[in-house]
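I have placed the structure first, in the form of structure tokens, so that the comments after it can refer back to it.
The values are calculated or read from the model by the stated rules, or taken from the named source; none is laboratory data. Here the structure is a predicted model, which means the values were calculated and not measured. Glycine also receives a Cβ, built like all others from the backbone with ideal geometry; neighbour counts cover every protein chain displayed.
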Amino acid sequence: MNEWLTAQVLEPAVLVTVAIVEGSGPREPGAKMLVTARGQHDTIGGGHLEMCAVELAREMLKGAASQGDAAGQGASARLERYALGPTLGQCCGGVVHLAFELVGAELANVLTGLRRRRRDDNWRLSALDGPAATLLLDADGAIVAGGEFAAVAASGRPAAPALDRERGTHILRDTAGRRWLADPCLAPRAHLVLFGAGHVGAAIVRMLGELPCTVTWVDEREDMFPASLPSNVAVEATDMPEAAVAAAPANASYLVMTHSHALDQRLCETILARDDVGWFGLIGSNTKRVQFERRMAARGLPQDRIDNMVCPIGLPGISSKLPAAIAASVCAQLLMVWEQQQIAALSAPARLAVAS
């Protein structure tokens, strides 16, 4: 997840960001890739657009190196417009504006701050005209990285303009007409509490490691967890898994697939006792669902909450029992749920102004 941010890059690089999309484009505003002279990390959609972007990024690296500015100190960023159909021959047909930023000391500091704050909401502001300037803001608009900006502001030059996060990634101008890239780098809203470290659970974790979410992976058998985990996964080896339900954030998703039907039953009852469950799935057949429904109804759980339990899990039409196939089906199901939740969340806009 976010390879442009997590990649360990020790050579000069250019950060490429999709700043504006007019019409149809291969990736959404905010998509990024990090380009070096020998490789790239992440993607802005592939195809001719990405090839042109990589070429331009490498031209910028060569230019900076030839001027003795390989670290990007003082180098200006660029904003380039690409007409996908007429210019690049891509069938998307829209227009994409890409921001190119040499990763100098200040931007590197901001990226380090982002890596540390991946579970928090952040906004990144970068000047696209004039001297290089970039800073990182927290959810309240306070500057948390980009120390050089304070000196720029103190010098009397126009300060960065206020942000409006209803717009997502966009270009704005300060009072002097200087363009800035406003780039939200938000914490994943989707959180899954996954119970069970068996083959299916492990396959799901591997797939979710590439997706914008966080996962709490719970099992009492510590030796079942792999030595290497995706960066968005946290393990809880405990013989009291119900505690993970109590600790979960509001509107979290839950997936129960342990080695024990009795434990599954306990977890189901604990999860459905909460009134803020975003989604809940239980691995099993229709027969298992009927048995669990009867037992939970007998224990007094509200029927409307029982009805919200998803069992069997996965998309209809996929019947394979291979762990990887089940994982693909369930992850697709979760993506559908999380995208709908995100759409609903965006209907309640909030504004963010830069704190001085």
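Table for the structure above
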{"quantity": "Subset tally (residues that are in contact (Cβ under 8 Å) with a residue 60 or more places away in the chain and surrounded by fewer than 22 Cβ atoms within 10 Å (Cβ to Cβ)) for the range 118-150", "calculated": "12"}
{"quantity": "The range 303-317, subset in a loop (DSSP other than H, G, I, E, B) and out of contact with any Lys or Arg (no Cβ under 6 Å at 6 or more places or on another chain), residue farthest from Trp279 (Cα to Cα)", "calculated": "Gly317"}
{"quantity": "Filtered residue count, the range 11-35, keeping only those that are polar (S, T, N, Q) and not in a strand (DSSP E or B)", "calculated": "1"}
{"quantity": "Matching residues in the range 9-24 - criterion: being farther than 18 Å from Pro184 by Cβ and not polar (S, T, N, Q)", "calculated": "Val9, Leu10, Glu11, Pro12, Ala13, Val14, Glu22, Gly23"}
{"quantity": "Members of the range 165-179 found to be surrounded by 14 or more Cβ atoms within 10 Å (Cβ to Cβ) and in contact with a Pro (Cβ under 9 Å, 6 or more places away or on another chain), listed by number", "calculated": "Arg165, Gly168, Thr169, His170, Leu172, Asp174, Arg178"}
{"quantity": "Of the criteria (1) part of a strand (DSSP E or B); (2) surrounded by fewer than 17 Cβ atoms within 10 Å (Cβ to Cβ); (3) not hydroxyl-bearing (Ser, Thr, Tyr), which one Leu194 fails", "calculated": "(2)"}
{"quantity": "Some residue of the range 260-279 being surrounded by 13 or more Cβ atoms within 10 Å (Cβ to Cβ), of a type in the set (Phe, Trp, Tyr) and either in contact with a Ser or Thr (Cβ under 7 Å, 6 or more places away or on another chain) or outside the structural domain of Val200 (by TED's automatic domain parsing) (or both)", "calculated": "yes"}
{"quantity": "Criterion: of a type in the set (S, T, N, Q) and either modelled with pLDDT under 90 or assigned by TED's automatic domain parsing to the domain that holds Ala234 (or both) - qualifying residue of Thr36, Thr6, Thr112", "calculated": "Thr6"}
{"quantity": "Selection from the range 263-312 of residues that are small (Gly, Ala, Ser) and within 35 Å of the chain's Cα centre (by Cα)", "calculated": "Ala273, Gly278, Gly281, Gly284, Ser285"}
